[in-house]
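The values are calculated or read from the model by the stated rules, or taken from the named source; none is laboratory data. This one's a predicted model, so the numbers in the text were calculated from it and none came from an experiment. Backbone-built Cβ (ideal geometry, glycine too); neighbour counts: all protein chains shown.
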Amino acid sequence: MSVQLITKTETYLTFTLAEEVYAVDVSKVREVLELTKITKVPRTPDFMTGVINLRGNVVPVVDMRLKFGMLKTENTIDTCVVVMEVSIDKDTTVLGALVDAVEEVIDLDPDQIEPAPHIGTSVHMDFIMGMGKRDTEFIIILDIDKVFTAEELSKVHRAKDKSSLEAVTAS
């Protein structure tokens, strides 16, 4: 959904990464978890931290800072995992997004959202739905379905499947 398609007030979950505020459509969020033990999976993309056990289900966890080319997330008391549904090519994946902190759930009106900035042809910004404005701060609104490529999600799926298989064979 581009900013031109936002014609009514939408609700977003906001979180921080390296002092910047990001938002995702709350309908994509399943839950927010305190940081828990993350099991590392070998031979996965750098941004994939590992997997967690969520009520008996294997859920891959990605470090959103690494995905966006920032320094690795430092675990603090505020660090948490936002469990979301991500869809690419009619395939839906549940994954956890490691973030510095969750802030709040907010409503933004269409007049509070500007189009994403154009930085040039070599920088792909199609995963940014728009820039929300709240008081004097900007909120980067993500189209979570465009943050990951189909190839990246395929690697996440393989890591999840490998972890599920290892859990079954270990029992």
Inset, instruction - Report whether or not residue 76 is surrounded by fewer than 17 Cβ atoms within 10 Å (Cβ to Cβ) and among the β-branched types (Val, Ile, Thr). - result: yes
Inset, instruction - Scan the range 57-65 and give yes if some residue there is under 21 Å from residue 128 (Cβ atoms) and either exposed (fewer than 13 other Cβ atoms within 10 Å of the Cβ) or of a type in the set (Phe, Trp, Tyr) (or both), otherwise no. - result: no
Inset, instruction - Can you work out which of the residues in the range 154-171 that are surrounded by 16 or more Cβ atoms within 10 Å (Cβ to Cβ) and of a type in the set (A, V, I, L, M, F, W, C) is modelled with the lowest pLDDT? - result: 159
Inset, instruction - Mind counting the residues in the range 31-52 that are in a strand (DSSP E or B), in contact with a Ser or Thr (Cβ under 8 Å, 6 or more places away or on another chain) and either surrounded by fewer than 19 Cβ atoms within 10 Å (Cβ to Cβ) or not β-branched (Val, Ile, Thr) (or both)? - result: 2
Inset, instruction - Report yes if some residue within the range 7-28 is closer than 17 Å to residue 153 by Cα, surrounded by 20 or more Cβ atoms within 10 Å (Cβ to Cβ) and not β-branched (Val, Ile, Thr); otherwise report no. - result: no
Legend entry - Search result, residues across the range 55-67 that are more than 15 Å from residue 28 (Cβ to Cβ) and either part of a strand (DSSP E or B) or touching a Leu at 6+ places or on another chain (Cβ under 7 Å) (or both): 57, 58, 60, 61, 63, 65
Legend entry - Test set (1) within 15 Å of residue 143 (Cα to Cα); (2) in contact with a helix residue (DSSP H, G or I) (Cβ under 7 Å, 6 or more places away or on another chain) - residue 68 fails condition number: (2)
